[in-house]
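The values are calculated or read from the model by the stated rules, or taken from the named source; none is laboratory data. Computed from a predicted model, the values in this text were never measured in an experiment. With ideal geometry, Cβ positions are generated from the backbone for all residues, glycine too; neighbour counts draw on all protein chains shown. Accessible surface areas use protein heavy atoms only, side chains included; no ligands, DNA or RNA. Shrake-Rupley method; radii C 1.70, N 1.55, O 1.52, S 1.80 Å.
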Amino acid sequence: MQEYSFKPAPVRKTQTWAIKDDHLMRRGGSTALNLAKVTGASWNTVTYRGTRSVWLHLHAEAGTMKIEYTDQGGARDEFFGLIIAVLATLERVNPSLEIEYGYSAPWRLALFILGILGTLAGVFFIFAGATNMTGRGQVEASIVGVALIVLLLPVAWTCRPNLKAQTYAPDVLAAEIAHLGGPPMPDPDQSPDTP
């Protein structure tokens, strides 16, 4: 059994994870997650002001197990090693699982609402500028309106509720993660517990 230790963020304690007998567990955690019983999973990566945050959420009847990391944390290769090991185990014990890539449904709905409200505010600013509702500053109001529409209409469009999330099989996602700079994928013919 190999252990993976990393700091998810600078202000958080080091976490130690392991996979044993197809169960994912964190040292000090209350339960182990049987990877064969995972019913859903989501992977996402977001970069904000030069810091990349990544996470894998695994959903089962017992609840959701979250593995999270930011570039400001420590032991980046350990984190990606754990993710690759989890995906290799899922490929072996739960091959039909499709992993969603992107924001979860509640986040997409929140971003959709934000995009719609921002777009409507942009239309209002353009209307206010065109009809001289501001008394002065018609040009500025119109510029703000156009900026809101240009920035937030694409957010609403890409997060619309009827849009199905992009999904990957565990092995395909592992290849994508290795391409992002994670460690190489393990040999699929070898169990994670095999030396």
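If we keep just the residues of the range 43-78 that are at positive phi and out of contact with any strand residue (DSSP E or B) (no Cβ under 6 Å at 6 or more places or on another chain), which is surrounded by the most Cβ atoms within 10 Å (Cβ to Cβ)?
G63
Conditions (1) modelled with pLDDT of 80 or more; (2) surrounded by 14 or more Cβ atoms within 10 Å (Cβ to Cβ); (3) under 16 Å from the mean Cα position of the chain (by Cα); (4) not in a helix (DSSP H, G or I), marked per residue:
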site: A141; (1), (2), (3), (4): yes, yes, no, no
site: H179; (1), (2), (3), (4): no, no, no, no
site: G182; (1), (2), (3), (4): no, yes, yes, yes
site: D187; (1), (2), (3), (4): no, no, no, yes
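In the range 91-110, which residues are open to solvent by less than 80 Å² (accessible area, probe 1.4 Å) and part of a helix (DSSP H, G or I)?
Those that are open to solvent by less than 80 Å² (accessible area, probe 1.4 Å) and part of a helix (DSSP H, G or I): E91, V93, A105, R108, A110.
In this structure, does T51 turn out to be hydroxyl-bearing (S, T, Y) and touching a Leu at 6+ places or on another chain (Cβ under 9 Å)?
Criteria not met by T51.
Those residues that are over 21 Å from the mean Cα position of the chain (by Cα) and open to solvent by less than 20 Å² (accessible area, probe 1.4 Å), I need them from the range 19-36; list them, please.
Within the range 19-36, just I19 meets the criteria.
Residues checked against (1) under 30 Å from G40 (Cβ atoms); (2) assigned to a helix (DSSP H, G or I); (3) over 19 Å from the mean Cα position of the chain (by Cα):
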| site | (1), (2), (3) |
| --- | --- |
| G129 | no, yes, yes |
| N132 | no, no, yes |
| G135 | no, no, yes |
| V144 | no, yes, yes |
| I149 | no, yes, yes |
| L152 | yes, yes, yes |
| A156 | yes, yes, no |
| K164 | yes, no, no |
| D171 | yes, yes, no |
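In the range 8-43, which residue that is in contact with a Gly (Cβ under 9 Å, 6 or more places away or on another chain) and modelled with pLDDT under 85 is nearest to T64 (Cα to Cα)?
Out of the qualifying residues, it is T31.
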